[in-house]
Amino acid sequence: MSALAAQDIVTGRLDLLPLRVEHAEEMAAVLSDPALHTFIGGAPDTPQALRSRYRRITAGSPDPAVTWLNWVIRLRAESCLTGTVQATVSPSGHGTVAEVAWVVGAPWQGRGIAAEAARGLVDWLARQPVDAVVAHIHPGHRASAAVATAAGLTPTDVWHDGELRWHLAVGRRLRRHSGGAE
């Protein structure tokens with residue numbers, strides 16, 4: 001696995017900033033609505049628990065074949081964090097796969113932030129040594145399905161732990177179509 005590292009990603013309204021432990025305090029407030037856990041389970045983390053979790057995440061995967069990439073979403077116009085995007089990059093039988101996920105705090109939902117952040121992430125991944133992007137989405141989570149669609153992923157017929165796998169082939173094919181621009 002090549003050494004991928006999260007880099008700043010800029011979209012029209014957003015800055016995707018590599019996750020840092022120092023983001024925990026603000027992100028605990030962003031992610032404090034229990035409704036955010038309807039489809040993923042669990043409960044909101046305290047700032048202390050989130051800080052501890054961010055320490056583990058930023059230390060990197062214990063598996064050298066797997067890379068954890070995590071960003072916070074900053075809405076430039078409001079100068080605040082609004083959520084996160086992430087990608088777990090690992091080898092598979094069909095090349096390198098990035099499994100992506102996103103969450104946007106309740107006050108910022110319905111404004112296209114998750115879709116814009118996911119598109120920015122997928123566009124960035126397409127320029128990396130990644131062959132496919134996948135997401136696993138609960139069948140009742142229409143908002144997340146809309147985000148996946150906006151990012152170019154399409155549903156498959158593969159199920160994992162009660163969630164539908166969405167997929168987008170990227171990598172060499174996409175880099176070739178973009179004139180090889182990296």
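The values are calculated or read from the model by the stated rules, or taken from the named source; none is laboratory data. Remember, it's a predicted structure, so these values are computed and weren't measured experimentally. As a convention, Cβ positions derive from the backbone with ideal geometry for all residues, glycine included, and neighbour counts pool all protein chains shown. We work out accessible area using only protein heavy atoms, side chains counted, and drop any ligands, DNA or RNA first. Shrake-Rupley method; radii C 1.70, N 1.55, O 1.52, S 1.80 Å.
Apply the Karplus curve 6.51 cos²θ - 1.76 cosθ + 1.60, θ = phi - 60°, to the phi angles in the stretch 104-120 and return the couplings in whole Hz, x for Gly and Pro.
Values per residue, Gly and Pro as x: 10, x, 3, x, 10, 6, x, 10, x, 5, 4, 5, 5, 5, 5, 4, x Hz.
Test of understanding: in a Gaussian network model of the chain with alpha carbons linked when under 10 Å, which of PRO34, PRO129, PRO155 would top the mean-square fluctuation ranking?
So, out of PRO34, PRO129, PRO155, the one fluctuating most is PRO34.
Taking every pair of Cα atoms in the stretch 53-131, average 1/r, invert it to obtain the Kirkwood radius, and report Rg/Rh to two decimals.
Values: Rg = 13.8 Å, Rh = 13.7 Å.
Checking Rg against Rh, the ratio lands at 1.01.
Take the eigenvalues of the Cα gyration tensor for the chain, scale each by 5, and report the square roots as semi-axes in whole Å, largest first.
24, 19, 17
For the stretch 1-90, report the accessible area per residue in Å² (1.4 Å probe, heavy atoms, rounded to an integer).
Accessible surface, normalised per residue, equals 52 Å².
Between HIS160, TRP124, VAL134, whose Cα lies farthest towards the positive end of the dipole of the stretch 89-173 when Lys and Arg beta carbons carry +1 and Asp and Glu beta carbons carry -1, centred on the Cα centre?
Result: TRP124.
In debye, nearest 20: dipole of the stretch 17-158 around its Cα centre with unit charges on the Cβ of K, R (+) and D, E (-)? Can you show the working numbers first?
On the way: 11 positive and 12 negative charges, 40 e Å.
That gives a dipole near 180 debye.
How much of SER61 can a 1.4 Å solvent probe reach, expressed as accessible area in Å² and rounded to 10?
30 Å²
If you take the beta carbon distance between GLU26 and HIS160 as r and set R0 to 30 Å, what does 1/(1 + (r/R0)^6) give as a FRET efficiency, to the nearest 0.05?
0.40
Multiply the residue separation of ARG111 and HIS94 by 0.36 nm, subtract the distance between their alpha-carbon atoms, and state the gained length in nm to one decimal.
Computed gain between ARG111 and HIS94 is 2.6 nm.
With θ taken as phi - 60° and the coefficients 6.51, -1.76 and 1.60, list the Karplus ³J(HN,Hα) couplings across the stretch 6-12 in order, rounded to whole Hz; mark glycine and proline as x.
4, 10, 4, 10, 10, 10, x
Roughly how much of VAL21 is accessible, in Å² to the nearest 10, using a 1.4 Å probe?
VAL21 exposes around 30 Å² with every protein chain in place.
So what J values fall out for the stretch 152-169 if you push phi through Karplus, 6.51 cos²θ - 1.76 cosθ + 1.60 with θ = phi - 60°, rounded to Hz, Gly and Pro as x?
The phi angles translate into x, 7, 10, x, 10, 9, 9, 10, 9, 6, x, 10, 8, 7, 10, 8, 8, 7 Hz.
At 0.36 nm per residue, and after removing the present C-alpha to C-alpha distance, how many nm does the segment from HIS167 to ALA77 gain when stretched out fully? Kindly include the intermediate steps, with their values, before the conclusion.
Working: separation 90, 0.36 × 90 = 32.40 nm, distance 3.17 nm.
Working it through step by step, the gained length comes to 29.2 nm.
Net charge near LEU16: determine it from the other residues with C-beta under 12 Å of the C-beta of LEU16, scoring Lys and Arg +1 and Asp and Glu -1.
Charge balance near LEU16 sits at 0.
Once you put a point 7 Å from the Cα of ALA35 and another 7 Å from the Cα of ARG142, both along the Cβ direction, what distance in nm separates them?
Computed distance between label sites ALA35 and ARG142 equals 1.4 nm.
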